[in-house]
Amino acid sequence: MKSQIAVSVLACSSAAFAHTIFQRVHVNGVDQGYLKGVRHPTYNGPITDVTSNDIICNGGPNPLVTPYPTDIIDIPAGAKAAIQYNNVLQPNGYNPSNAADPVDPSHKGPVMVYMAKVPSALQTDVTGLGWFKVFEDGYDGTNWGVDRMVANHGVVNFTIPSCIPSGNYFLRAEM
């Protein structure tokens with residue numbers, strides 16, 4: 001069974017601490033390309049009002065670049081997927097000379113990935129969707145998910161659940 005998943009959001013940061021931008025998707029080890037299928041903001045600032053619709057897919061102080069991408073990334077159910085963060089928009093990926101890339105290491109917390117089934121992977125409305133969590137990397141008693149993401153140069157690996165029915169989805173990464 002194959003699911004068509006549109007990566008729609010990056011760096012939907014929780015609270016006021018994450019200063020990073022989700023910029024790449026990998027499917028079964030293959031990088032899909034810089035910003036391909038990813039709706040991205042112009043700025044890596046946090047969304048501080050968690051009751052605002054901006055928390056869904058950025059906006060407000062972090063305006064999304066328009067027009068939105070029309071690339072749709074096909075990810076089969078059960079596939080190994082990865083998202084990649086960097087602290088600024090940078091097509092060359094991880095920058096080891098920047099101590100705050102992919103995010104300042106003082107920003108501790110979990111990393112989560114959500115999906116929502118949508119009628120069209122190209123739709124612009126993200127309100128009222130039924131988001132469900134497909135991955136969480138929290139605190140293991142020693143380190144946070146963000147610590148592991150930083151150690152992995154901004155890459156977060158997870159598996160798309162094999163029970164996901166075929167269709168169009170948005171994928172939202174959050175930290």
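The values are calculated or read from the model by the stated rules, or taken from the named source; none is laboratory data. Given the structure is predicted, the values throughout are model-derived calculations rather than measurements. Ideal geometry is used to build each Cβ from the backbone, glycine not excepted, and the neighbour counts take in all protein chains shown. Ligands, DNA and RNA are excluded from the accessible area calculation, which covers all protein heavy atoms including side chains. Shrake-Rupley method; radii C 1.70, N 1.55, O 1.52, S 1.80 Å.
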Handout entry: Residues being modelled with pLDDT under 75 and open to solvent by 50 Å² or more (accessible area, probe 1.4 Å) - total across region 8-55
Key = 1
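One line per residue, one yes/no per condition, for (1) in contact (Cβ under 8 Å) with a residue 40 or more places away in the chain; (2) surrounded by fewer than 14 Cβ atoms within 10 Å (Cβ to Cβ); (3) over 15 Å from the mean Cα position of the chain (by Cα):
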residue: 112; (1), (2), (3): yes, no, no
residue: 116; (1), (2), (3): yes, no, no
residue: 139; (1), (2), (3): no, yes, yes
residue: 147; (1), (2), (3): yes, no, yes
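Does residue 68 qualify as being assigned to a loop (DSSP other than H, G, I, E, B), modelled with pLDDT of 75 or more and more than 14 Å from residue 170 (Cα to Cα)? Give the steps one after another, and end with the answer.
Details: assigned to a loop (DSSP other than H, G, I, E, B): yes; modelled with pLDDT of 75 or more: yes; more than 14 Å from residue 170 (Cα to Cα): no.
Here the answer is no, as residue 68 does not meet what is asked.
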